[in-house]
Amino acid sequence: KAFAKKVMEEASVPTARAHEARTLPEAEAALDEFGSPYVVKDDGLAAGKGVVVTEDRAVAVEHARACFEAGGSVVIEEYLDGPEVSLFVISDGKNVLPLSPAQDFKRIFDNDEGPNTGGMGAYTPLPWLPEGFVQEVVEKVARPTVARMAERGTPFVGVLFCGLAVTNRGVRVIEFNARFGDPETQVVLPLLESDLLTVMESTTNGTLDTTEVKFRDGAAACVILASGGDPLSYEKGKEISGLAAGQLDAADVTVYHAGTAIKDGKLVTNGGRVLGVTATANTLPDALKKAYAATENIHFDKLHKRSDIGARALAAME
Ligand code: AMP
Ligand code: GLY
């Protein structure tokens, strides 16, 4: 996280103001400078669980303390208000090619309550985005970042996953990942009309400037079925029913396995996020309806899902 912040600063990419802290007094000073809501990030990979956003100062301090005790440092940030957007931008080290934007739902419970997870659902396209949004992110975020990485002598080739907040002061980077995102990929790739392998070859060959990506019209939605108790503590090994051949009676529905295993010949849960139920349709309301309908067929003990994936976008469309 600290490295990404440094590159963003060097490239003048808009992001939340931040301080890296290595001691508790440094962390507390940064928390007080930015004020509530507090944002404290473990400076390493933490499966989407290293970030605490809270209005409770004691909770923020406690998270920083836990990260220090584990031997790490933290990044403390100003809070960014506004809806989140994920945009995957492919880079060959020089040229960039954006895919279509998606929205993920990080918190475990409806109305964005509870702790952060890796993501509880996603949809694309985002009808509420301002016109020219993707181009703006390419110009203000992706190009300068990729150019800066090349200047540093470490050209970046792969997926620059831009996690963005659309604030009233403009777009800001929340984070970068150097990979595809989950569950956003489950909705972005099904609408990709172009051949992904060709795009990947152009990425490694450095010819993305002459490569086009086409997306088909329509929408896709994904609802995550998680183990109750995730992300804090949950049980594994629960038998999953409803996925045998012929049981899932829905065209345009794909169930992606995330945390499953076969035990004694039976399909069982084996992680926090268990399945990603994805549907495509001509319209966003239909894609969401189809994905949710398909989740009704699938059962396991303590299954948890959010019931409001895409709900705000639908309300805004009415
Ligand atoms: P990250 O791993 O950095 O993407 O953080 C995980 C999640 O925490 C993000 O998707 C946001 O929901 C939230 N978050 C992170 N940084 C901020 C910030 N500066 N302001 C508001 N929310 C944030
Ligand atoms: N869905 C967010 C991520 O993959 O990190």
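Applying the criterion of being more than 16 Å from ligand 1 (Cβ to nearest atom), among the acidic types (Asp, Glu) and surrounded by 13 or more Cβ atoms within 10 Å (Cβ to Cβ) to the residues of region 14-71, the residue that is nearest to residue 258 (Cα to Cα) is 62.
Go through (1) within 16 Å of ligand 1 (Cβ to nearest atom); (2) modelled with pLDDT of 95 or more; (3) touching an Asp or Glu at 6+ places or on another chain (Cβ under 7 Å) for residue 160 and report which single condition fails. Here residue 160 clears every test but (3).
Failed condition for residue 278, given (1) surrounded by fewer than 14 Cβ atoms within 10 Å (Cβ to Cβ); (2) touching a Ser or Thr at 6+ places or on another chain (Cβ under 9 Å), with all others met? Of everything listed in (1) surrounded by fewer than 14 Cβ atoms within 10 Å (Cβ to Cβ); (2) touching a Ser or Thr at 6+ places or on another chain (Cβ under 9 Å), residue 278 misses just condition (1).
For region 262-284, the candidate set comprises residues that are touching a residue at least 60 places away in the same chain (Cβ under 8 Å) and not in a loop (DSSP other than H, G, I, E, B); within that set, the residue that is nearest to residue 239 (Cα to Cα) is 273.
Looking at region 164-177, can you tell me whether even one residue there is β-branched (Val, Ile, Thr), within 13 Å of ligand 2 (Cβ to nearest atom) and over 20 Å from residue 43 (Cβ atoms)? Walk me through it before giving the result.
Going through region 164-177, the residues β-branched (Val, Ile, Thr) turn out to be 166-167, 171, 173-174.
Restricting the remaining residues to those that are within 13 Å of ligand 2 (Cβ to nearest atom) gives 174.
Next, from what is left, pick out any that are over 20 Å from residue 43 (Cβ atoms): none.
Taking every residue of region 164-177 in turn, none turns out to be β-branched (Val, Ile, Thr), within 13 Å of ligand 2 (Cβ to nearest atom) and over 20 Å from residue 43 (Cβ atoms).
Look through region 23-53, keep the residues that are of a type in the set (Val, Ile, Thr) and at pLDDT below 95, and return whichever of them is nearest to ligand 2 (Cβ to nearest atom).
Going residue by residue through region 23-53, those that are of a type in the set (Val, Ile, Thr) are 23, 39-40, 51-53.
Among the residues that remain, those that are also at pLDDT below 95 are: 51-53.
Working: 51: 10, 52: 16, 53: 15 Å.
Checking each candidate, the answer is 51.
Can you find a residue in region 240-255 that is assigned to a helix (DSSP H, G or I), on the phi < 0 side of the Ramachandran plot, modelled with pLDDT of 95 or more and aliphatic (A, V, I, L, M)? Among the residues of region 240-255, not one is assigned to a helix (DSSP H, G or I), on the phi < 0 side of the Ramachandran plot, modelled with pLDDT of 95 or more and aliphatic (A, V, I, L, M), which makes the answer no. Taking (1) farther than 24 Å from residue 103 by Cα; (2) touching a Phe, Trp or Tyr at 6+ places or on another chain (Cβ under 6 Å) in turn, residue 239 satisfies each apart from (2). With respect to (1) away from ligand 2 (no atom under 16 Å from the Cβ); (2) closer than 30 Å to residue 286 by Cβ; (3) of a type outside the set (S, T, N, Q); (4) in contact with a Phe, Trp or Tyr (Cβ under 9 Å, 6 or more places away or on another chain), the lone exception for residue 150 is condition (2). Among the candidates 104, 56, 112, the residue that is within 16 Å of ligand 2 (Cβ to nearest atom) and without any contact (Cβ under 8 Å) to a residue 60 or more places away in the chain is uniquely 112. Here the condition is being surrounded by fewer than 18 Cβ atoms within 10 Å (Cβ to Cβ), aliphatic (A, V, I, L, M) and more than 13 Å from ligand 1 (Cβ to nearest atom); of 142, 150, it holds for 150 alone.
Does any residue of region 192-206 turn out to be over 25 Å from residue 128 (Cβ atoms) and within 16 Å of ligand 2 (Cβ to nearest atom)? Explain how you work it out, then say what you get.
Let us first name the residues in region 192-206 that are over 25 Å from residue 128 (Cβ atoms), namely 194-206.
Now narrow it down to the ones that are within 16 Å of ligand 2 (Cβ to nearest atom): none.
Within region 192-206 (the criterion being over 25 Å from residue 128 (Cβ atoms) and within 16 Å of ligand 2 (Cβ to nearest atom)), the answer is no, since none of the residues qualifies.
Could you list, in sequence order, all residues of region 291-308 that are hydrophobic (A, V, I, L, M, F, W, C) and assigned to a helix (DSSP H, G or I)? Those that are hydrophobic (A, V, I, L, M, F, W, C) and assigned to a helix (DSSP H, G or I): 291, 293, 294. For first residues located in region 166-177 and near ligand 1 (Cβ under 9 Å from one of its atoms), partners that are of a type in the set (Phe, Trp, Tyr) and lie 6+ apart or on another chain with Cβ distances below 6 Å form the pairs 177/161. Filtered by the rule that a residue be touching a residue at least 12 places away in the same chain (Cβ under 8 Å) and of a type in the set (Asp, Glu), region 124-149 gives a lone residue, 136. I'd like the residue in region 282-312 that is buried (at least 18 other Cβ atoms within 10 Å of the Cβ) and of a type in the set (A, V, I, L, M, F, W, C) and, out of all such residues, is farthest from residue 121 (Cα to Cα). Taking the candidates together, the pick is 300. Quick check on residue 226: is it modelled with pLDDT of 95 or more, under 24 Å from the mean Cα position of the chain (by Cα), closer than 26 Å to residue 128 by Cα and not in a loop (DSSP other than H, G, I, E, B)? Here the answer is no, as residue 226 does not meet what is asked. Here residue 99 clears all of (1) closer than 30 Å to residue 228 by Cβ; (2) of a type in the set (A, V, I, L, M, F, W, C); (3) within 15 Å of ligand 2 (Cβ to nearest atom) except the condition numbered (1). In this structure, is residue 86 of a type in the set (Ser, Thr, Tyr) and more than 16 Å from ligand 2 (Cβ to nearest atom)? Answer is no for this residue. Among the residues of region 191-207, none qualifies, meaning not one is hydrophobic (A, V, I, L, M, F, W, C), assigned to a loop (DSSP other than H, G, I, E, B) and modelled with pLDDT of 95 or more.
The values are calculated or read from the model by the stated rules, or taken from the named source; none is laboratory data. Fair warning: this is a prediction, and the values are worked out from it, not measured in the lab. We place every Cβ from the backbone using ideal geometry, glycine too, and count neighbours over all the protein chains shown.
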